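The values are calculated or read from the model by the stated rules, or taken from the named source; none is laboratory data. Here the structure is a predicted model, which is why all the values come from computation and not from measurement. In case anyone asks, the SASA skips ligands and DNA or RNA and just uses the protein heavy atoms, side chains included. Shrake-Rupley method; radii C 1.70, N 1.55, O 1.52, S 1.80 Å.
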Amino acid sequence: MEVRSTYKYARISPFKAREVTREIQGLPVSAALDLLAFTPKKAAFLINKTLKSAIANAENNANLKPDGLVVKEAVVGEGPTLKRMMARARGSASRILKRTSHIRIVLSDEIRIETREMRKAKQQQQKRAANKQTGSEASESGAVTAQKKGAKRKQSSKTEK
């Protein structure tokens, strides 16, 4: 089941917020909270707030346990831009764009959480399978080359006589 939370009109540029959301996508909720707690950016605080809201929604509305949740999607969209003016030299003015963003986080319990140990075991299993496959191919190719050599010897012995 999917649970979502949205933080609208956050006073941060979407470009700056996307940098942090890219890091938490696909992580288990506990790991995402840890990562956000130790990220020294303003966006991390705002995304942490949204993530905690999504966790609370999962517990209260969907009766899900937070330890089985994974960040399926963390998207930052562009909100309305506040336009301000700043005085410049010789009576002119320039425009300042104060950007806002909408932060949306989707949590899911359908994605399997993969730990480092599980990933290592899977990689080792793939290596073993690859080694077995190359070993069997080598023995087959060795048998084929031996047959070819035997055929060449027979032909050469006929031509010498």
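Note that the range 68-73 has calculated 3J(HN,Hα) couplings of x, 8, 10, 6, 6, 8 Hz, one per residue in order, obtained from phi through the Karplus relation 6.51 cos²θ - 1.76 cosθ + 1.60 (θ = phi - 60°); glycine and proline are x. Taking amide hydrogens as placed 1.01 Å from N in the peptide plane, the amide H of residue 69 sits under 5 Å from those of 29, each at least 5 positions away in sequence or on another chain. Remark: accessible surface ordering of 50, 6, 39 (largest first) is 6, 39, 50, probe radius 1.4 Å. Annotation: amide H-H contacts under 5 Å for residue 41 (H modelled 1.01 Å from N, sequence separation of 5 or more, or interchain): none. Annotation: amide H-H contacts under 5 Å for residue 64 (H modelled 1.01 Å from N, sequence separation of 5 or more, or interchain): 59. Sorted largest first by accessible area at a 1.4 angstrom probe radius, with every protein chain in place, the residues 15, 45, 38 fall in the order 38, 15, 45. Karplus-based coupling profile of the range 47-62, in residue order and whole Hz: 6, 4, 4, 5, 5, 5, 5, 5, 5, 5, 4, 5, 5, 7, 8, 10, with θ = phi - 60° in 6.51 cos²θ - 1.76 cosθ + 1.60 and x standing for Gly or Pro.
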